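These notes concern the structure reproduced below.
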Amino acid sequence: MEIVVSGIRPTGNLHLGNYFGAVKNFLRMQKEFNCYFFIADYHSLTTHPTPVNLHDNVRQVLAEYLASGLDPEAATIYVQSDLPEVAELTLLMNMNSYLGELERTTSFKDKARKHPDNVNAGLLTYPVLMASDIIIHQATKVPVGKDQEQNLEMTRKFASRFNRIYNTEYFTIPQSFNYGEALVKIPGLDGSGKMGKSEGNGIFLVDDEESIRKKVMKAVTDSGPTEPNSMMPEAIRNLFTLMEVVSTPDTVTYFTDKYNSCEIRYGDLKKQLAEDIIKFNAPIREKILAIRSDEAYLRKVVNMGKEKAHISASKTLREVREIIGFKPF
Ligand code: TYM
């Protein structure tokens, strides 16, 4: 059985782009593979959250992923810091990770450039912790978006290096994984690019009705087509792409026809889009709010995940210690 590991940073709320990207894939993977999904709270310490923020953020992402359909019976869902084995494995892996290669990582260079006052060692060794997250369960597959490919490459390098140094084939070398079909790329509302956490162009699953209406009504449009059947500019194409994922096919056809005959009124299109997003979000949003305040349920999920994750993590760590040469007296 393929073993899948994926980490979720506890920063920011889930938006529609995440939902139709990573989350959809997670929901499919949990049915097909032995999945470990964890909230990467150790990783988040590189930005120094306050104790209250740290806990609230973990609880929020956990509630959002559970509300979106991550199933604690099907997958192992846990909090990274509940698995101290991963911290010990990171310490061991750090001994064979080199300053030069860590400094050359794109995400490290980016962060160092953006926050020159906070170039901490945790940031530098982020790929080692990430590698440990993955190899501690002997993952065979890791689902990755584009920005994580280099980190996964580092994981493969560290795992192979360990195997070479100790003359073993102990660690499985994980492959990056994506379902073959192209995912719909969910655009932002600002006329270009994709929906993102930090771009300020996102619609979040927890957004209430009023803020969804406001955001959609503010979306960038133009003065409308003047020639029948003309090419759609990107901003308009984006609104249709959103409509394709949340509205009925009839609605999409109706507005496409209006566009093609130059009779489109963007105000009407946006009103319809906003209502359809609201309808799509409503059941998930209700679940998020319910789960977030259900202490007993959250505790149960997290404890169950911790127990399951501990089984494979402690086995790996015991074996790694043996391979390295730690012996009991
Ligand atoms: P982040 O927060 O950017 O993304 C969360 C997880 O979702 C994966 N992902 C996708 N998977 C499938 N299809 C997509 N379209 C898609 N888009 C994003 C990401 O690769 C990630 O797994 N550094 C990581 C967090 C992390 C991690 C790990 C990930 C820490 N340890 C171990 C994997 C394994 C990050 O910033 O992910």
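The values are calculated or read from the model by the stated rules, or taken from the named source; none is laboratory data. Since the structure is predicted, the reported quantities are computational estimates derived from the model, not experimental observations. Ideal geometry is used to build each Cβ from the backbone, glycine not excepted, and the neighbour counts take in all protein chains shown. Note: accessible area is taken over every heavy atom of the protein model, side chains too, but ligands, DNA and RNA are not part of it. Shrake-Rupley method; radii C 1.70, N 1.55, O 1.52, S 1.80 Å.
Okay, here's what the table says:
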quantity: Accessible solvent surface per residue of the chain, calculated while the other protein chains remain in place, 1.4 angstrom probe, Å²; calculated: 51
quantity: Gain on full stretching of the segment that runs from Lys114 to Thr253 - 0.36 nm per residue minus C-alpha separation; calculated: 45.6 nm
quantity: Inter-label distance for Met217 and Lys279, nm, one decimal - labels placed 7 Å from Cα along Cα-to-Cβ; calculated: 2.0
quantity: Carbon/sulfur fraction of accessible area - region 43-161, other protein chains in place, 1.4 Å, %; calculated: 57
quantity: Region 146-205 versus region 1-78: alpha-carbon centroid distance in Å; calculated: 14
quantity: FRET efficiency, 1/(1 + (r/R0)^6) with R0 45 Å, evaluated for Thr226 and Ala74 via beta carbons; calculated: 0.30
quantity: For region 1-101: rounded, prolate or oblate by the Cα gyration tensor [a/c cutoff 1.5]; calculated: oblate
quantity: Separation of the Glu234 and Arg104 label points, Cα + 7 Å toward Cβ, nm; calculated: 3.2
quantity: Extension gain, Glu209 back to Glu319 (0.36 nm per residue minus Cα-Cα distance, nm); calculated: 34.4 nm
quantity: Fully extended contour minus Cα-Cα distance, from Ser293 to His310, at 0.36 nm per residue; calculated: 3.5 nm
quantity: Region 209-289, accessible surface, carbon-and-sulfur percent (1.4 angstrom probe); calculated: 52
quantity: Cα gyration tensor shape of the chain, rounded if a/c is under 1.5, else prolate or oblate by comparing a/b with b/c; calculated: prolate
quantity: Estimated D of region 16-163 in µm² per second, where Rh is the Kirkwood radius over Cα pairs and Stokes-Einstein applies at 37 °C, 0.692 mPa s; calculated: 200
